[in-house]
Amino acid sequence: MRDPRYDILFEPVRIGPLTAKNRFWQVPHCSGMGYRYPNAEAAMRGVKAEGGWGVISTQEAEIHPTSDISPANEARLWSAEDIPALARVTEAIQAHGALAAIQLVHNGLHTANRYSRMIPLGPSPAVYDGNDPVQARGMDKADIAAMRRWYVQAARRARDAGFDVIYVYAGHDMSVLQHFLSRRHNHRSDEYGGSFENRLRLFREVIGDVRDAIGDRCALAVRLAVDELLGPDGITCDGEGRDIIAALAEEPDVWDVNLSNWANDSQTSRFADEGFQEPYTAFVKSVTTKPVVGVGRYTSPDSMVRVIRKGILDFIGAARPSIADPFLPKKIEEGRIDDIRECIGCNICTSGDNTCVPMRCTQNPTVGEEWRRGWHPEQIGRLERPEPALIIGGGPAGLEAARALGARGAEVTLAEAGTEWGGRVSREARLPGIAAWGRVRDWRLGQIRNQTNVQTYLQSPLTADDILGYGIPHVALATGARWRTDGVGRSHRLPLPYLSEGRLLTPDDLMDRGAAAIAAPGPVVIFDDDCYYMGSLMAEVAIAAGHEVTFVTPDVMVGSFAQNTLEQGRIQRRLIDLGVRILPTRLLAGRGADWLDLACSYSGKVERLSCSTLITVTGRLPVEGLWLDLQARKGDWADAGIKTVTRIGDALAPGTIAAANFSGHLYARDFGTETDPDSVPFRREDIAMLLAP
Ligand code: ADP
Ligand code: SF4
């Protein structure tokens with residue numbers, strides 16, 4: 001039963017000629033499925049429609065080959081040939097009574113056109129904003145006329161594909177319309193440049209053109225970045241961001257407002273809390289009568305009600321919360337608040353898109369697998385005659401395996417050696433700024449506690465003797481991994497024996513004992529060859545404890561993988577602000593009690609640093625003692641009644657929390673079936689498309 005406090009979230013809202021059935025709006029978000037995997041895209045959006053979202057949008061849809069963002073895999077509307085694939089998406093969404101939206105984009109100078117080899121277009125001649133040696137051409141009047149035509153053609157194709165809501169998009173510094181609006185990008189002296197009204201001209205014209213093209217069957221949405229967080233060099237919410245909305249206030253049927261660029265819009269929980277965009281977007285409703293959509297990683301229904309009641313937003317926009325839990329609206333509607341799988345704000349999802357593959361999610365292991373593996377986030381097949389399973393290790397892999405297998409009806413025993421659940425999730429969530437990651441543990445524990453067929457035991461370090469003694473037929477080892485102490489990682493492939501000449505710690509020591517693990521005074525050096533978040537968190541812990549900290553990495557920047565999670569800039573800035581000295585492109589070369597030698601990774605030139613404590617963040621090794629013990633006693637399994645022993649999660653191969661969670665889920669899905677290691681374990685869309693007539 002729905003809590004009446006949340007009724008307001010389920011009010012229908014009129015948008016132009018249409019009515020959204022509720023206030024849950026899945027704003028455009030990249031999926032990495034795009035034009036190359038349209039079945040995956042359709043199935044993923046369809047699941048969200050089933051989960052109760054009132055409006056569901058595609059990712060950006062390129063309107064022309066001069067906006068070719070390859071190798072990224074976004075939606076495409078270059079020609080009529082793109083319509084059938086997108087029609088599949090609209091059908092999947094509308095089948096559940098949701099409205100289907102599409103975000104039209106021309107990427108302007110934000111694309112190198114690597115595939116089409118066409119020349120990028122911008123308001124003025126400009127260097128492409130990636131690092132390809134490519135420049136955009138300044139558009140002449142014929143180009144502007146063509147651009148307007150392309151928007152019209154794409155809008156008609158979108159309408160023909162069945163979309164209900166057509167977006168005109170000027171956000172993320174990724175749209176030619178925003179480039180025209182921007183003083184930084186638009187240096188023209190004709191009627192499309194210079195004054196505010198001139199820079200607004202193309203945006204205004206395209207909005208009008210698209211309105212005419214779609215007629216009165218579709219609603220028109222305009223997505224605008226109201227602040228670029230660039231101060232006076234950019235659009236600001238108390239300057240031109242406000243002026244643009246005021247000037248076009250009643251033109252669209254709905255405003256969708258956010259921050260630019262993408263790294264500002266999709267900030268992680270390490271750097272921003274739920275509702276972080278409100279200070280920038282709260283003004284919008286005071287300058288338009290049209291409904292307003294906004295985002296801010298809202299996962300709490302109370303927060304959602306607050307922003308509606310306070311008149312900040314009319315629709316709760318969501319990308320990440322809808323990925324982590326496609327059934328978020330339905331769970332609120334059914335009064336199942338504790339079942340909501342809250343987004344942890346880690347941006348593993350964006351890392352999928354940024355590496356040009358279908359997105360994955362730390363919280364939701366089924367995302368991206370809806371079509372190719374047939375996985376559903378809320379349904380998992382019951383086993384007919386399930387045999388019992390023993391799962392050892394209560395980290396993300398073990399918890400997810402136990403939860404999902406429990407949901408399949410198996411009798412599950414989950415044993416954890418330690419005094420708390422969550423494994424690495426609990427240990428990492430205590431590091432500065434990432435407490436929200438604990439939701440990975442909390443959601444799974446909450447679900448397990450409602451499953452009478454899952455028994456859980458803390459403080460239960462199991463041995464091979466114990467396991468053979470229990471004789472439970474299926475055993476999963478989710479015993480995790482520990483950080484290496486020998487320096488072996490990406491850059492050093494052989495152990496470095498000299499590391500033990502001085503005080504040596506790993507992230508495990510700091511997670512177990514906090515900064516107290518750095519018992520000695522004197523300079524701390526962090527050697528980060530992991531290149532993601534852990535090295536910088538070690539620096540934060542050490543600096544907070546008052547140590548002088550030097551961050552050394554063979555890479556050219558701090559935490560380079562975090563570019564894919566859109567955090568790299570903020571991570572590096574934080575270390576700089578905290579006074580951490582950063583030494584990139586350095587390898588380890590030697591060690592004494594109070595010194596450390598580093599070698600330039602290009603020239604080999606050696607320099608000596610004073611170093612009292614070295615924290616290495618390199619590779620991890622699976623905790624595999626139990627596995628090896630059980631392998632040594634394989635001959636005893638049958639007598640003990642053991643049929644299978646399987647390693648999952650970090651115990652199989654250390655990776656992300658998302659990978660551990662996925663591994664646990666996969667174990668449960670595959671339970672009771674023989675998998676064929678020689679065959680591809682999912683349907684292949686790439687081949688199916690190639691063979692299509
Ligand atoms: P993953 O990410 O794969 O889930 P974690 O490192 O987060 O792995 O969790 C592994 C968990 O397994 C830890 O909480 C650890 O205490 C537990 N564990 C390791 N060995 C045993 C064992 N022999 N018996 C019970 N629990 C164990
Ligand atoms: Fe949220 Fe992380 Fe999932 Fe993205 S990957 S939706 S940020 S939990």
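Report yes if some residue within segment 621-628 is modelled with pLDDT of 95 or more and in a loop (DSSP other than H, G, I, E, B); otherwise report no.
yes
Scan segment 369-383 and tell me whether some residue there is farther than 30 Å from Pro38 by Cβ, open to solvent by less than 50 Å² (accessible area, probe 1.4 Å), of a type outside the set (D, E, K, R) and in contact (Cβ under 8 Å) with a residue 40 or more places away in the chain. Give the steps one after another, and end with the answer.
Start the filter on segment 369-383 by keeping residues that are farther than 30 Å from Pro38 by Cβ, which leaves 382-383.
With open to solvent by less than 50 Å² (accessible area, probe 1.4 Å) added as a condition, the list becomes 383.
Checking which are of a type outside the set (D, E, K, R) leaves us with 383.
Cutting the leftovers down to in contact (Cβ under 8 Å) with a residue 40 or more places away in the chain gives us 383.
Among the residues of segment 369-383, at least one is farther than 30 Å from Pro38 by Cβ, open to solvent by less than 50 Å² (accessible area, probe 1.4 Å), of a type outside the set (D, E, K, R) and in contact (Cβ under 8 Å) with a residue 40 or more places away in the chain, which makes the answer yes.
Would you pick out the residues in segment 412-457 that are open to solvent by less than 10 Å² (accessible area, probe 1.4 Å), outside any loop (DSSP other than H, G, I, E, B) and not aliphatic (A, V, I, L, M)?
Ser426, Glu428, Gly438, Arg444
Would you pick out the residues in segment 640-671 that are in a loop (DSSP other than H, G, I, E, B), closer than 20 Å to Leu399 by Cβ and of a type in the set (Gly, Ala, Ser)?
Ala653, Gly655
Determine whether segment 91-100 contains at least one residue that is assigned by TED's automatic domain parsing to the domain that holds Ser260, closer than 19 Å to Gly317 by Cβ, modelled with pLDDT of 95 or more and in a helix (DSSP H, G or I).
yes
Just to be sure, is Phe180 touching a residue at least 12 places away in the same chain (Cβ under 8 Å) and buried (at least 19 other Cβ atoms within 10 Å of the Cβ)? If you could, list the steps in order and put the result at the bottom.
Numbers: touching a residue at least 12 places away in the same chain (Cβ under 8 Å): yes; buried (at least 19 other Cβ atoms within 10 Å of the Cβ): yes.
When the stated conditions are applied, Phe180 passes them.
Just the residues that are within 10 Å of ligand 1 (Cβ to nearest atom) and assigned to a loop (DSSP other than H, G, I, E, B), please, taken from segment 478-490.
Matches in segment 478-490: Ala478, Thr479, Gly480.
Take Arg408 and tell me if it is among the basic types (Lys, Arg) and either surrounded by fewer than 22 Cβ atoms within 10 Å (Cβ to Cβ) or without any contact (Cβ under 8 Å) to a residue 40 or more places away in the chain (or both).
yes
Here is a yes/no grid of residues against (1) open to solvent by less than 10 Å² (accessible area, probe 1.4 Å); (2) assigned to a loop (DSSP other than H, G, I, E, B); (3) modelled with pLDDT of 95 or more:
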{"residue": "Ile102", "(1), (2), (3)": "yes, no, yes"}
{"residue": "Thr111", "(1), (2), (3)": "yes, yes, yes"}
{"residue": "Ser116", "(1), (2), (3)": "no, yes, yes"}
{"residue": "Pro133", "(1), (2), (3)": "no, yes, yes"}
{"residue": "Ala145", "(1), (2), (3)": "no, no, yes"}
{"residue": "Gln153", "(1), (2), (3)": "no, no, yes"}
{"residue": "Arg159", "(1), (2), (3)": "no, no, yes"}
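Can you name every residue in segment 593-633 that is free of Cβ contacts under 8 Å to residues at least 40 places away in the same chain and of a type in the set (Lys, Arg)?
Scanning segment 593-633 gives Lys605, Arg608.
Determine if segment 327-342 includes at least one residue that is charged (D, E, K, R) and within 30 Å of Ser679 (Cβ to Cβ). Break it down into steps so the answer makes sense when it comes.
Of the residues in segment 327-342, the ones charged (D, E, K, R) are 330-331, 333-334, 336, 338-339, 341-342.
Right, trim to within 30 Å of Ser679 (Cβ to Cβ) and you get none.
Checking segment 327-342: not a single residue is charged (D, E, K, R) and within 30 Å of Ser679 (Cβ to Cβ).
Can you confirm whether Phe662 is touching a residue at least 40 places away in the same chain (Cβ under 8 Å) and either within 16 Å of ligand 2 (Cβ to nearest atom) or open to solvent by 40 Å² or more (accessible area, probe 1.4 Å) (or both)?
Considered against the rule, which asks whether it is touching a residue at least 40 places away in the same chain (Cβ under 8 Å) and either within 16 Å of ligand 2 (Cβ to nearest atom) or open to solvent by 40 Å² or more (accessible area, probe 1.4 Å) (or both), Phe662 comes out as yes.
Give the residues of segment 231-240 that are without any contact (Cβ under 8 Å) to a residue 24 or more places away in the chain and surrounded by 15 or more Cβ atoms within 10 Å (Cβ to Cβ), sorted by residue number.
Scanning segment 231-240 gives Thr236, Gly239.
Does Arg36 satisfy the condition of being surrounded by fewer than 22 Cβ atoms within 10 Å (Cβ to Cβ) and at pLDDT below 95?
Yes: the conditions hold for Arg36.
Hey, can you tell me all the residues within segment 458-477 that are open to solvent by 30 Å² or more (accessible area, probe 1.4 Å), more than 9 Å from ligand 1 (Cβ to nearest atom) and part of a helix (DSSP H, G or I)?
Selection gives Asp465, Gly469, Tyr470.
Quick one: Asp164 ticks every box in (1) closer than 24 Å to Pro232 by Cβ; (2) buried (at least 24 other Cβ atoms within 10 Å of the Cβ); (3) not β-branched (Val, Ile, Thr) bar one, so which box is it?
(1)
Just checking, does segment 559-574 include any residue being open to solvent by 20 Å² or more (accessible area, probe 1.4 Å), away from ligand 2 (no atom under 16 Å from the Cβ) and either acidic (Asp, Glu) or part of a loop (DSSP other than H, G, I, E, B) (or both)?
No; the residues of segment 559-574 include none that is open to solvent by 20 Å² or more (accessible area, probe 1.4 Å), away from ligand 2 (no atom under 16 Å from the Cβ) and either acidic (Asp, Glu) or part of a loop (DSSP other than H, G, I, E, B) (or both).
Could you list, in sequence order, all residues of segment 214-230 that are open to solvent by less than 10 Å² (accessible area, probe 1.4 Å) and among the hydrophobic types (A, V, I, L, M, F, W, C)?
Ile214, Cys218, Ala219, Leu220, Ala221, Val222, Leu224, Ala225, Val226 - these are the residues of segment 214-230 that are open to solvent by less than 10 Å² (accessible area, probe 1.4 Å) and among the hydrophobic types (A, V, I, L, M, F, W, C).
Could you grab me the full set of residues in segment 302-347 that are in a helix (DSSP H, G or I) and open to solvent by less than 10 Å² (accessible area, probe 1.4 Å)?
Met304, Val307, Pro321, Ser322, Ile323, Ala324, Leu328, Pro329, Lys331, Ile332
The values are calculated or read from the model by the stated rules, or taken from the named source; none is laboratory data. Only a predicted model underlies this, so the values are computations on that prediction, with no experimental measurement involved. We place every Cβ from the backbone using ideal geometry, glycine too, and count neighbours over all the protein chains shown. Protein only, heavy atoms only, side chains kept; ligands, DNA and RNA dropped before computing areas. Shrake-Rupley method; radii C 1.70, N 1.55, O 1.52, S 1.80 Å.
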